[in-house]
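The values are calculated or read from the model by the stated rules, or taken from the named source; none is laboratory data. These numbers were taken from a predicted model, which means no experiment stands behind them. Here the Cβ positions follow ideal geometry from the backbone for every residue, glycine too, while neighbour counts run over all protein chains shown. Just the protein is used for accessible areas: all its heavy atoms, side chains included, with ligands, DNA and RNA removed. Shrake-Rupley method; radii C 1.70, N 1.55, O 1.52, S 1.80 Å.
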Amino acid sequence: MKIASQVGINSRTADQGSNQSIKSLGCWQRKCGEMKVGIFMRVAVSYLRNWSQLKTVQKQGCLSCFANRYKQYSEIQPYRSLSTWQALLDSERKQWQMSSVRYKDLAAVLKKRLDKIHLTSPGRSEEEMITHGDYVYFEEDNCVYRFQKTIGEESLEVVFSPEDAGLHDSLVQRIRVSPQQTYLAVALKNFDCEDSKCYVVNLQRTPELVHAISNIFSFEWVTDHILCHTRLENLRCHSVYLTDFSNRGTTKLVYMEQDPRFFVDLYLTRDRRFLTINSNSKTTSEVWVVDCNCPFQSPFLVQQRVAGITYYVEHSNGYLYILITHGEPAEYKLMKAPVNSSINQWKPIHHVKPHSRLVDMEIIKDHCVMFLKQQNELHMEVISLFSELLYHSLKLPEWACAVQPAVHLERGSDLLQFYLESPICRPITFAYSVLENTLSIEANHAIGKNETCKVFRLKAKSKDGTLIPITLFCEAGDGLTQRPLLVHVYGAYGMDLSMNFKAENKLLVEDGWILAYCHVRGGGELGCSWHKQGILDRKPNGVHDLQACIKHIHQLGFSQPCYTAIMASSAGGVVAGALANSDPGLLQAMILEAPFLDVLKTMMDTSLPLTIEEEEEWGSPACNMEHYRAIESYCPYQNIRPQSYPSVLITAYENDQRVPLSGLLRYVKKLRMAAEQYHQSSGLPDSKKPNILLNVHPGGSHCDSLPWEESLQKVSMHLSFLHKELNLNECKLSRDNP
């Protein structure tokens, strides 16, 4: 059960762990988003709709000045402004072309070192393979292959290639094999948009492409001939369809979500008995179930949605196992229920401890295995589904920061395979036997730690006294105050800050950098309550938390402000950008990847695809004055003022629909003007003026959505920017230059 991927599945996030180094199904994956720059023509309709909402609010006693503020931020430029925006974009591209010359030589050195790290990555592993009977399927070099286990790779054959569909600039995103291996379904994503297309291959005799489905998001085979799938339209996923390949590929609607706040996804239970249709908002969920033995029957509802309660469903041996946040404390509880039962028949089996983060859950051999973060350290809890006496708790290795259960578990086995990793350690395969209660590491794998790198788990006291977890990595040695520090932060949607392996992290630690991961409120590291403490009018908590973390790190003797930089992506840009306004002296440089910076204007515009869905996270400023004032108080764009800002490099994507390019163009222009105004009034030399740069990629759609070579070049430029802006000695960097 992929809990982490279902919570906040459609958000301004890019998975925020968009990982330059994750290998999934044999190729370097990229999380994408889509944006058409021509949003401006739709804003007028939104303005009229929002104005009618505003009139209702005014009748309820809101201040008249709120209407004036709304009009100020909602009025749009006339159509001729499109040419103005294009001119501004062209100007920024020229600015980047001239300014980036300063970073290119060092970036070339860093790129070679990153390439070298990637070349030493392990080859294809069990993680990337799907076993069906005697056949093994895997993806490599953007093609899907299979071979017979009994014969070996001598029987290797290509069953799908993008060239079969006439596509070249696309990426294999997901593959699913039907139960009897009659069909293969493959999703391909274009680098420049978020839409995927599913291609169905008949595997009987010679593999043959027989069908294509556009705008697909998720899909699963419920029988050997029936594929259920969802459609993504303008970043919204509301409908589920069934396609019957035993009846000439006819398609019918199975489910339609009417509430625009909810996003629909599919999950096939581990025993393949039921397909669950998960309809989730940011705070509430509802699950419908399709019986795979009777796929044409209408789905049945597990439990009607209740505001503020989320739940997810698994199945084993005739019972539903339901994770739900109902009751106090509002952390997940595991319930056991007969199929088609009411909630008063559900029996509690296990409660997740308060302030614990439920990362994932799997059911295997009459046992439930939960992966949790407790005190920001990974643990396993194993619960018997049929005996209250059998319960085991295991602490996972201290170096591990992220866990990922195997995508394709072998049915009937008592072994659960999963992968542990950290920002500086590649994924390592572990196996847990539920029958023997033993944990083993895959043969030929080195232990997942660096003997010279220390991991510190710290806590900083925030403004209101709350203790904020920090995970810090650095090589052992002296002179810590003189070392560069790179801070990572996210703090939104109840999602954990990504702690997956990245080659650039390994490179930085080798060069003496200190890496700090600040787990601020709004994220999910300490459970559901941690998220709730950082939403709506409590969003500033995340900014205070980040400020406290950086100050605490400095006070402990790790680095100092002139050697400190921050890196954030997507919604993480809110807390990073807000800190740059409230306490810019803590930082010397910022790297922001497709950041969300103009929160107020974006959330005022309900014509944008994510605004309505995300009101539970950020608020409804168009019709709620308290929400308006709260956002206005911390919004990075609204609070820019003349002061000494750190240098900033923003990476953006022209087709980004999650973070509109127009907001980033406005932000850079306003920030540059404020920095220039301060510089002129203070009489500082030009060397003290911050570099404020915007690199707009013509390709890509949201964070980390570029082809591999371009992505590697982008990361190299990021690192070069940091080294230059922190005035670091470059001699050491050339030592590993091939």
Out of everything in segment 523-541 that is open to solvent by 20 Å² or more (accessible area, probe 1.4 Å) and part of a loop (DSSP other than H, G, I, E, B), what residue ends up being nearest to Thr284 (Cα to Cα)? Gln533
Take Glu314 and tell me if it is closer than 22 Å to Ser342 by Cβ, open to solvent by less than 10 Å² (accessible area, probe 1.4 Å) and out of contact with any His (no Cβ under 9 Å at 6 or more places or on another chain). yes
Considering segment 299-317 alone, what residues qualify as being in contact (Cβ under 8 Å) with a residue 40 or more places away in the chain and under 30 Å from Asn247 (Cβ atoms)? Pro299, Phe300, Val313, His315
From Ser607, Ser569, grab the single residue that is open to solvent by 10 Å² or more (accessible area, probe 1.4 Å) and within 21 Å of Asn695 (Cα to Cα). Ser569
Taking the stated definitions as given, is Val359 modelled with pLDDT of 95 or more, touching a Leu at 6+ places or on another chain (Cβ under 9 Å) and within 22 Å of Val407 (Cα to Cα)? no
Ser83 being open to solvent by 30 Å² or more (accessible area, probe 1.4 Å) and at pLDDT 90 or above: no
Check segment 587-596 and report whether any residue there is open to solvent by less than 10 Å² (accessible area, probe 1.4 Å), at pLDDT 95 or above, among the β-branched types (Val, Ile, Thr) and more than 19 Å from the chain's Cα centre (by Cα). no
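Can you tell me which residue in segment 174-195 is farthest from Leu706 (Cα to Cα), limited to those that are in contact with a strand residue (DSSP E or B) (Cβ under 6 Å, 6 or more places away or on another chain) and at pLDDT below 85? Outline the logic, then answer.
First pass over segment 174-195, keeping only residues in contact with a strand residue (DSSP E or B) (Cβ under 6 Å, 6 or more places away or on another chain): 174-178, 181, 183-190, 195.
Next, only the ones that are at pLDDT below 85 stay: 189-190, 195.
Values: Lys189: 11, Asn190: 10, Asp195: 15 Å.
That would be Asp195.
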Looking only at segment 463-482, and only at residues there that are at pLDDT below 95 and of a type in the set (D, E, K, R), the one that is most open to solvent (accessible area, probe 1.4 Å): Asp478
Counting only residues that are of a type in the set (A, V, I, L, M) and over 31 Å from the mean Cα position of the chain (by Cα), which one in segment 377-406 is least open to solvent (accessible area, probe 1.4 Å)? Leu385
Inside segment 503-522, the number of residues satisfying the requirement of being assigned to a loop (DSSP other than H, G, I, E, B) and surrounded by fewer than 23 Cβ atoms within 10 Å (Cβ to Cβ) is 2
Answer yes if at least one residue in segment 343-362 is of a type in the set (Lys, Arg), in a strand (DSSP E or B) and surrounded by fewer than 21 Cβ atoms within 10 Å (Cβ to Cβ), and no otherwise. yes
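Only one of these is over 21 Å from His718 (Cβ atoms), of a type in the set (Gly, Ala, Ser) and surrounded by 21 or more Cβ atoms within 10 Å (Cβ to Cβ): Ala576, Ala622. Name it.
Ala622 is the lone residue from the list that is over 21 Å from His718 (Cβ atoms), of a type in the set (Gly, Ala, Ser) and surrounded by 21 or more Cβ atoms within 10 Å (Cβ to Cβ).
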Considering only residues that are open to solvent by less than 50 Å² (accessible area, probe 1.4 Å) and closer than 22 Å to Ala431 by Cα, which ones fall in segment 135-156? Val136, Tyr137, Phe138
Would you please name the residue that is nearest to the chain's Cα centre (by Cα), looking only at residues in segment 274-294 that are outside any strand (DSSP E or B) and surrounded by 18 or more Cβ atoms within 10 Å (Cβ to Cβ)? Lys282
